[in-house]
1. Taking the criterion of being over 13 Å from the mean Cα position of the chain (by Cα), assigned to a loop (DSSP other than H, G, I, E, B) and at positive phi, would at least one residue in segment B:161-174 satisfy it?
2. Can you find a residue in segment A:155-166 that is crowded, with 21+ Cβ neighbours inside 10 Å and among the β-branched types (Val, Ile, Thr)?
3. Quickly run through segment A:167-204 and pick out the residues that are of a type in the set (A, V, I, L, M, F, W, C), within 30 Å of A:PHE35 (Cβ to Cβ) and in contact (Cβ under 8 Å) with a residue 24 or more places away in the chain.
4. Give the residue that is nearest to the chain's Cα centre (by Cα), with candidates limited to residues of segment A:257-281 that are β-branched (Val, Ile, Thr) and under 15 Å from A:THR40 (Cβ atoms).
5. Which one of B:GLY61, B:GLY54, B:GLY72, B:GLY39 is in contact with a Lys or Arg (Cβ under 8 Å, 6 or more places away or on another chain), in the same structural domain as B:ALA217 (by TED's automatic domain parsing), among the small types (Gly, Ala, Ser) and surrounded by 16 or more Cβ atoms within 10 Å (Cβ to Cβ)?
6. Taking the options A:LEU277, A:LEU281, name whichever one is of a type outside the set (Ser, Thr, Tyr), surrounded by fewer than 16 Cβ atoms within 10 Å (Cβ to Cβ), over 30 Å from A:SER85 (Cα atoms) and in contact (Cβ under 8 Å) with a residue 60 or more places away in the chain.
7. Report, by residue number, each residue of segment A:142-154 that is touching a residue at least 60 places away in the same chain (Cβ under 8 Å) and surrounded by fewer than 14 Cβ atoms within 10 Å (Cβ to Cβ).
8. Just the residues that are among the aliphatic types (A, V, I, L, M) and under 16 Å from the mean Cα position of the chain (by Cα), please, taken from segment A:24-44.
Amino acid sequence: MSARSSAMNSWLAVAFAVLALAAPFLLGDSRFLAFVLGMTLINVLWAGGMNLSYGYVGLMPLMFAGIGGIASYAMVHLTRVEGWSFWIATPVVSVGAALIGVLLGLPALRLKGFYFTLCSLVIQTVLTLAFIFFPKYTNGDTGISQIEPPDWIGGTRLSGVWLDFALAIAAVLGVAIVAWIVPSKLGQRFIAIREDDILAESLGINVTRYKIIAFFIVSLYAAVGGCFYAGYVGFISPRAFDVLVSLNVWLMVAFGGRGTIAGPVLGALVLAPIPYLLQDLQAIRDIIYGALIIVVILALPGGVYGEWLKRRARHRQATTDSGKLADQRT
Amino acid sequence: MTNMPLLETTALSKHFGGVSALRDVSVTLNQGETLGMIGPNGSGKTTFVNAVTGTLRADSGSIQFAGTRTLGFAPNQLAAIGLVRTYQAVRVFGGLSVEANIRTAGLLPGEAGISRSEYDELLTWLRLDGLPHKEAASLTLFEQRRLELMMRLVLRPKVIMLDEPVGGLAVTEVREMINLLAELKARCTIFVIEHTMRVIRELADRVVVLVSGEKIADGPPTEILRDSKVIEHYLGTAHA
């Protein structure tokens, strides 16, 4: 990567972090806008995790939302019934849900591409059914309402601007961790598996092991996001963690640009608010959403940001080539 | 021969449904040797490499590599103990730069990797030193073949199995590749599948001939290439 583009990447990262952390205070006056922001930040976190899997390892895990659901229900159970703190329950259930995710995904992880996706879809369906058929923990289709926001020091509850701020920190950290993994040895192995898993294996990379590691990390993202979702929205039901949610998060990654750090952030920032902002256009909301998907897939298969990067690289190549020609002529 | 076998297969067999792709193939590869394998299309040469490098699991027989019984080892395990292979159709990480390709190859867990000076020396030797930031997919076939070698050599292999290393190359490039492989002989033990007899004649210390999954000859290239049985199978005169 050239010095110029990595400098630009750091600028983008700083700008995103500053904006995300400042936004709760800027939008705090309108509870509606603040809520849209909070939901967007949860989706930024989710898209970051999905990107690690879909963008860097090449696996599209459709049970993403289901794993978030397991963590979410477990967190709610532990905080309401067992009296745990949100801040202890969340890491515990997230690791637990990620382990369950890996166990459920184990047979699927030996598959690749489309077959993995199909298998993960089946697992997601089973999880959605499980949420409905174990009402003791999930209250079935009715869902669990009036979930309290995360507890805070001195017996208070984290709410309003400060809860938004906590979500912003989680989102920024989530993206930062992905940005830290990608250039590491671990990230390089992920990319090798995405590019050509057979070649990767012949070069000594244990493909299944690294898929499991990736899947564990992705599941952690799903789970942490699921816990924040419950604490933020205050209501969870099987619909909050069904396959459409997985697909939505996937779409943010594909729309923004899989396999780039900034792309999925952009995807979440653009797509996550749409359902809320277009509430008045309820009837045509899904049509607008669908049309957007088709346009991006046809016109920008690498995602908005991915395509922009590609064009810029091509443009730069063209200018250096003509520069070289000019040099040769003189 | 005073050399000890570094790689040895005993009665290796592999069936695909009713077709036996390998039938009791016993081959030894000695330390420092270059062993060629020839045979008509479909005779099981690539299947043999696949079976030895763990891409396919042989049905019966045994494989011994560097003193370890390796039947059932995965390709990554074999790479970690020094047995690597290249592919008939060149295989590099097309979307990554040359440098990233090599770095990715050198990521074996628990391996310290090669030193900077060894790395630079290999890069210069394979004439890849001007290309580190080029995307691998944009390289010429010959450059990709050299990159393939580089990606294996950073793993410090004991044995490298080459599946048609000059396939698809232009005549002048074949000459250059043969020169490179002749120098490679000093670096590691080589097993090479080739249809281009010049490669076998110039590089191989010994040749095995595979026909319909069976080994029909094993010996020095000068003898083997004159053997009437081999000529018959190779040129198809039996049915002419």
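1. Here is the first cut: in segment B:161-174, the residues over 13 Å from the mean Cα position of the chain (by Cα) are B:168-174.
With assigned to a loop (DSSP other than H, G, I, E, B) added as a condition, the list becomes B:168-170.
Next, only the ones that are at positive phi stay: B:168.
Checked segment B:161-174: at least one residue is over 13 Å from the mean Cα position of the chain (by Cα), assigned to a loop (DSSP other than H, G, I, E, B) and at positive phi.
2. The answer is no, given that none of the residues of segment A:155-166 is crowded, with 21+ Cβ neighbours inside 10 Å and among the β-branched types (Val, Ile, Thr).
3. Hits for segment A:167-204 are A:LEU167, A:ALA168, A:ILE169, A:ALA170, A:ALA171, A:VAL172, A:VAL175, A:ALA176, A:ILE177, A:VAL178, A:ALA179.
4. So the residue we want is A:VAL265.
5. B:GLY39
6. Within the list A:LEU277, A:LEU281, the selection yields A:LEU277.
7. A:THR142, A:SER145, A:GLN146
8. Passing the criteria: A:LEU37, A:MET39, A:LEU41, A:ILE42, A:VAL44.
The values are calculated or read from the model by the stated rules, or taken from the named source; none is laboratory data. Being a predicted model, the structure only gives us computed values, none of them experimental. Please note: Cβ atoms are built from the backbone with ideal geometry, for glycine as well, and neighbour counts cover all protein chains shown.
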